[in-house]
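Just below is one structure, and these are the notes that go with it.
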Amino acid sequence: MKRQFLKGICFVAMLLASTLAFGQQKFTTHQVKEGETIYSIAKQYRVTPYAILQQNTEIKNSEEIRPNTILVIPLAGVVVDKKPTEPEIQETQIEPTGFKRHRVKKRETLFSLTQKYAITEEQLKRYNKELYAEPLKKGMVLQIPKYPEITEEDEKDIEYETYTVLPKETRWSIANKYGITIDSLLLLNPELPKSTNYLAIGQELRLPRPKGDSLEKQEVVLFESYTVPKAIGLFRISQNYGIAVDSIIKLNPEINETGGLKEGMVLRLPKQKPKSELVNTENYIFYQVRPKQNIFRLTQNLKISRDSLFALNPELENGLKAGMVLKLPKQKESQLDVKNALVLDKINLIDSINIENRPSVMFLLPFRLDRINFRDKEKTEGQVSTRNDIKYAMGLYTGALVAFDSIKKLGVSVDVKVFDTQLNLEALKTVLAQNPLMGIDAIVGPVNPNLLGEVAVQAANFNVPVIAPYAAQSELSLNNVFFSIPNDALLRNKILSYIEKIRDNENLIIIADDAHQAAKDSILRAFPMARVAKMSEDGSLHLVDFQAMLSERQENWVFVETDKPNLVASISSILNASMGSAEGGDDVKVKMFTTNYNNAFEADAVSRPHLSNLKFMFPSSYKEVDANSFTKAYRKKFGHAPDRFAVRGFDITFDLLLKLAHKKNLYETSKIIGSTEYNGNRFNYLNDWTSGFFNQASYLMQYDELRIKQIDSK
């Protein structure tokens with residue numbers, strides 16, 4: 001046991017990452033790292049600094065490049081290289097000055113090669129065409145192109161305006177309105193906090209204004225590309241878009257430079273916001289088009305018809321383009337993976353590991369080493385098996401150890417610090433005082449909610465996120481805390497929403513003891529027609545009145561809300577016996593539900609066959625784990641099967657490490673990662689701006705044929 005506490009963690013390194021293309025292999029995105037400049041980034045992608053500034057109009061000059069800014073980078077093809085006062089010049093694809101041979105080594109990736117030789121993935125594939133058809137393999141001999149050095153260029157001036165935040169607007173909707181990223185919005189408004197998405201009504205923001213006098217008074221939602229059809233002039237376009245001819249020319253100077261408007265020319269035009277419509281999360285959700293997508297695939301992925309998609313997004317008549325932001329009906333939110341009103345593409349975290357990210361995590365768990373005498377084996381085993389705090393801590397820790405082994409096999413190095421909180425505030429303060437939080441990426445723990453405030457406040461001083469291994473239990477404002485277990489209200493809403501969808505004309509009955517009146521009230525708000533069974537003074541069910549409520553014509557759906565095992569056993573037995581033949585010869589049909597699944601339903605006194613006969617359904621933050629790679633690895637390491645605490649320890653830790661290996665900032669990763677699932681737990685953190693991050697993911701489970709089965713697919 002003691003050896004398990006003191007066991008060291010081994011570290012190795014590897015990378016599996018990819019760069020997102022941005023528009024038909026002509027653009028990509030780049031997240032600025034510490035120490036990078038516009039010139040070093042331009043050199044890396046073999047383009048001019050001015051070409052980068054052209055694609056990122058929110059950047060006024062090269063000095064404004066800051067870490068974590070997301071830049072749009074033009075790739076090979078047409079590269080603009082000019083000073084602001086010169087006519088536009090188009091250069092052909094930059095040719096390499098020579099080549100170098102490279103033999104692929106074990107664990108090398110396309111990304112690591114592009115970083116090593118300062119080239120793009122497309123440039124590497126262009127001169128090694130076999131990479132288009134097959135993955136990189138050890139022993140391959142590649143031609144590495146060499147390119148000339150990039151010189152510094154002049155900067156481009158951009159005009160800005162002050163924008164006043166309207167009701168129900170979000171950071172994302174405003175950034176979308178101006179055609180910039182949220183990172184750019186934060187760059188232009190450094191006073192905005194990084195750990196919350198909150199915007200106040202009437203708050204003023206600094207945002208880029210399009211060039212052109214006629215556009216200065218026009219409110220713009222986004223810019224779109226417009227391909228000039230045959231036999232149309234500037235006046236007709238100005239009428240269609242509601243802007244002046246001079247504004248079109250200033251946005252598209254190539255019109256004058258090429259001798260006038262021509263068929264097939266692609267123009268950049270602003271789409272005016274309809275006055276009768278507020279673009280906010282009350283009306284719509286949004287999706288940003290990715291490279292190489294087509295309309296058919298979009299309609300399938302977004303679960304919407306082609307006609308409906310075009311009706312909401314008339315700009316699609318001009319063609320689908322990467323980077324275009326599409327509106328979708330708010331009603332689709334339940335069918336898609338949505339966060340902060342933006343539909344997320346599924347990201348495979350295991351395929352998105354970055355070798356440069358070495359997570360550093362701290363565990364604060366109540367091992368109670370101050371109470372354990374390791375020389376007395378029997379007493380130690382008794383303490384571990386009977387004390388829930390130690391049992392929970394040991395489960396989380398042993399599951400985390402298997403997670404460290406698993407992430408190590410993926411090649412990720414992790415720095416880990418583990419401390420015993422002893423369930424004591426003074427002991428916790430001593431640990432935090434002796435171990436500065438500077439450089440820590442995340443803290444897991446503490447297990448005791450009474451210690452959470454101290455940890456969260458100290459961690460907030462260093463912008464360190466805290467992963468609480470339980471549900472939120474207070475109204476404290478802890479905006480750096482990730483509550484990893486969904487709370488009772490969310491679980492209750494999950495099953496009530498599901499029942500509302502599948503219900504026809506069933507007879508609904510509620511059985512709730514005095515301690516669960518909140519659950520009863522919630523059910524009645526959702527189903528006002530439900531009837532409440534009477535409870536006797538001793539807390540038991542009033543049997544005669546209840547049996548009179550059972551319908552012989554309708555199926556009976558009975559909610560049981562209690563944490564008393566004897567009451568659960570009694571009610572399930574009564575319901576099971578009620579499913580016999582009625583006087584008219586018809587069977588009485590009964591199903592049993594609860595909105596609050598707890599230990600009472602797992603007690604020995606409760607008959608599993610009865611629950612199975614009743615198709616007992618309940619919401620849960622956890623599902624049982626069958627034999628899989630994790631359970632086999634755990635049994636091999638510790639000699640026994642994992643309990644639910646160990647499963648939770650693995651899932652919380654592995655999810656955290658994968659997210660930090662993807663992007664070494666849990667706040668930023670949580671914006672772009674939707675629902676994740678491992679063995680017995682799901683995670684989908686939603687930030688409510690002021691009170692932290694709350695896990696919204698859960699399960700619906702049902703007893704069926706003496707087994708507990710998952711009945712929902714999401």
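The values are calculated or read from the model by the stated rules, or taken from the named source; none is laboratory data. Since this is a predicted model, take the numbers as computed values, not measurements. Reconstructed Cβ throughout: ideal geometry from the backbone, glycine too, with neighbour counts over all protein chains shown. Remember, those area values only see protein heavy atoms, side chains included, never the ligands or the DNA or RNA. Shrake-Rupley method; radii C 1.70, N 1.55, O 1.52, S 1.80 Å.
From Asp521, Asp504, Asp513, grab the single residue that is touching a Ser or Thr at 6+ places or on another chain (Cβ under 8 Å) and on the phi < 0 side of the Ramachandran plot.
After ruling out the rest, the residue left standing is Asp513.
Condition first: free of Cβ contacts under 8 Å to residues at least 24 places away in the same chain and touching a helix residue (DSSP H, G or I) at 6+ places or on another chain (Cβ under 9 Å). Now tell me which residues in the stretch 299-348 satisfy that. Quick ask: steps written out before the conclusion?
Narrowing the stretch 299-348 to residues free of Cβ contacts under 8 Å to residues at least 24 places away in the same chain: 299-301, 305-311, 313-314, 316-317, 331, 334, 348.
Result: Thr299, Ser305, Arg306, Ser308, Leu309, Phe310, Leu316, Glu317, Ser334.
Can you give me the number of residues within the stretch 327-345 that are in a loop (DSSP other than H, G, I, E, B) and either open to solvent by 40 Å² or more (accessible area, probe 1.4 Å) or under 23 Å from Thr28 (Cα atoms) (or both)?
3
Which of the residues spanning the stretch 96-108 are in contact (Cβ under 8 Å) with a residue 60 or more places away in the chain and crowded, with 16+ Cβ neighbours inside 10 Å? I'd like the intermediate steps shown before the answer.
From the stretch 96-108, those in contact (Cβ under 8 Å) with a residue 60 or more places away in the chain are 107; that's our starting set.
Within the stretch 96-108, none qualify.
Identify the residue in the stretch 150-192 that is in a loop (DSSP other than H, G, I, E, B) and closer than 18 Å to Glu668 by Cα and, among all such residues, is modelled with the lowest pLDDT.
Thr181
For Phe483, indicate whether it is among the aromatic types (Phe, Trp, Tyr) and either surrounded by 17 or more Cβ atoms within 10 Å (Cβ to Cβ) or in contact with a helix residue (DSSP H, G or I) (Cβ under 6 Å, 6 or more places away or on another chain) (or both).
yes
Taking the stretch 579-608 only, how many residues are open to solvent by 40 Å² or more (accessible area, probe 1.4 Å), modelled with pLDDT under 95, in a loop (DSSP other than H, G, I, E, B) and in contact with a strand residue (DSSP E or B) (Cβ under 9 Å, 6 or more places away or on another chain)?
Matching residues across the stretch 579-608 total 2.
Can you tell me which residue is most open to solvent (accessible area, probe 1.4 Å) among those in the stretch 292-302 that are at pLDDT 85 or above and assigned to a helix (DSSP H, G or I)?
Ile295
Restricting attention to the stretch 358-369, which residues are modelled with pLDDT of 75 or more and assigned to a loop (DSSP other than H, G, I, E, B)?
Arg358, Pro359, Pro366, Phe367, Arg368
Out of curiosity, is Leu700 open to solvent by less than 30 Å² (accessible area, probe 1.4 Å) and under 30 Å from Ala577 (Cα atoms)? Before the answer, list the steps.
Numbers: open to solvent by less than 30 Å² (accessible area, probe 1.4 Å): yes; under 30 Å from Ala577 (Cα atoms): yes.
Taking the combined requirement at face value, the residue satisfies it.
For the stretch 390-470, list the strands (runs of 3 or more DSSP E) that sit wholly inside it and hold at least 2 residues that are open to solvent by 50 Å² or more (accessible area, probe 1.4 Å); which are they?
415-420
Cβ contacts < 6 Å: first residue part of a helix (DSSP H, G or I), restricted to the stretch 109-120; second residue open to solvent by 30 Å² or more (accessible area, probe 1.4 Å), any location; separation 6+ or different chain. Result?
Between residues of the stretch 109-120 that are part of a helix (DSSP H, G or I) and residues that are open to solvent by 30 Å² or more (accessible area, probe 1.4 Å), the close pairs are Leu110/Glu121; Leu110/Leu136; Thr114/Glu121.
So, in the stretch 611-626, how many residues would count as being without any contact (Cβ under 8 Å) to a residue 40 or more places away in the chain and among the hydroxyl-bearing types (Ser, Thr, Tyr)?
Number satisfying all stated conditions: 0.
Report, ordered by the first and then the second residue, all pairs with beta carbons closer than 7 Å, sequence separation of six or more or different chains, a first member in the stretch 405-417 that is within 19 Å of Thr631 (Cβ to Cβ), and a second member that is of a type in the set (D, E, K, R).
Cβ pairs passing all conditions: none.
Can Ile652 be described as of a type outside the set (Lys, Arg), open to solvent by 30 Å² or more (accessible area, probe 1.4 Å) and outside any loop (DSSP other than H, G, I, E, B)?
Judged against the criteria, Ile652 is not a match.
So which of Ile372, Ile355 is out of contact with any His (no Cβ under 8 Å at 6 or more places or on another chain), open to solvent by 30 Å² or more (accessible area, probe 1.4 Å) and modelled with pLDDT under 85?
The conditions single out Ile355.
Would you say Gly692 is open to solvent by less than 30 Å² (accessible area, probe 1.4 Å), more than 13 Å from the chain's Cα centre (by Cα), closer than 16 Å to Ser406 by Cβ and not β-branched (Val, Ile, Thr)?
So Gly692 fails the test.
I'd like to check something: does the stretch 518-536 contain any residue that is within 30 Å of Asp651 (Cβ to Cβ), in contact with a strand residue (DSSP E or B) (Cβ under 7 Å, 6 or more places away or on another chain) and open to solvent by less than 60 Å² (accessible area, probe 1.4 Å)?
Residues of the stretch 518-536 within 30 Å of Asp651 (Cβ to Cβ): 518-519, 522.
Then keep just the ones that are in contact with a strand residue (DSSP E or B) (Cβ under 7 Å, 6 or more places away or on another chain); that gives 519.
Remaining after also requiring open to solvent by less than 60 Å² (accessible area, probe 1.4 Å): 519.
Taking every residue of the stretch 518-536 in turn, at least one turns out to be within 30 Å of Asp651 (Cβ to Cβ), in contact with a strand residue (DSSP E or B) (Cβ under 7 Å, 6 or more places away or on another chain) and open to solvent by less than 60 Å² (accessible area, probe 1.4 Å).
Does the stretch 276-290 contain at least one residue that is closer than 24 Å to Ile59 by Cβ, open to solvent by less than 30 Å² (accessible area, probe 1.4 Å) and either at pLDDT 80 or above or hydroxyl-bearing (Ser, Thr, Tyr) (or both)?
Yes, the stretch 276-290 has at least one match.
What tally of residues in the stretch 501-517 results from selecting those that are assigned to a helix (DSSP H, G or I) and farther than 18 Å from Lys589 by Cβ?
5
If you check every pair at least six apart or on different chains, which have Cβ atoms under 8 Å apart with a residue in the stretch 501-530 that is under 14 Å from Ala489 (Cβ atoms) and free of Cβ contacts under 8 Å to residues at least 40 places away in the same chain first and a residue that is assigned to a helix (DSSP H, G or I) and aromatic (Phe, Trp, Tyr) second?
Going by the 8 Å Cβ cut-off, there are no qualifying pairs.
Could you tell me how many of the residues in the stretch 241-257 are in a loop (DSSP other than H, G, I, E, B), without any contact (Cβ under 8 Å) to a residue 60 or more places away in the chain and either in contact with a Phe, Trp or Tyr (Cβ under 7 Å, 6 or more places away or on another chain) or farther than 10 Å from Leu269 by Cα (or both)? So that I can check it myself, show each step before the final result.
Applying the first criterion (in a loop (DSSP other than H, G, I, E, B)) to the stretch 241-257 yields 242-244, 252-253.
From the residues that got through so far, the ones that are without any contact (Cβ under 8 Å) to a residue 60 or more places away in the chain too are 242-244, 252.
Those still in the list that are either in contact with a Phe, Trp or Tyr (Cβ under 7 Å, 6 or more places away or on another chain) or farther than 10 Å from Leu269 by Cα (or both) too: 242, 244.
Residues meeting the conditions: 2.
Determine if the stretch 627-644 includes at least one residue that is part of a loop (DSSP other than H, G, I, E, B), in contact (Cβ under 8 Å) with a residue 12 or more places away in the chain and open to solvent by less than 50 Å² (accessible area, probe 1.4 Å).
Yes - at least one qualifying residue is present in the stretch 627-644.
Just to verify a result, which residue in the stretch 303-326, among those that are touching a Lys or Arg at 6+ places or on another chain (Cβ under 7 Å) and assigned to a loop (DSSP other than H, G, I, E, B), is surrounded by the fewest Cβ atoms within 10 Å (Cβ to Cβ)?
Lys303
May I ask you to list the residues in the stretch 657-683 that are open to solvent by less than 30 Å² (accessible area, probe 1.4 Å) and polar (S, T, N, Q)?
Matches in the stretch 657-683: Thr669, Ser670, Thr676, Asn679, Asn681.
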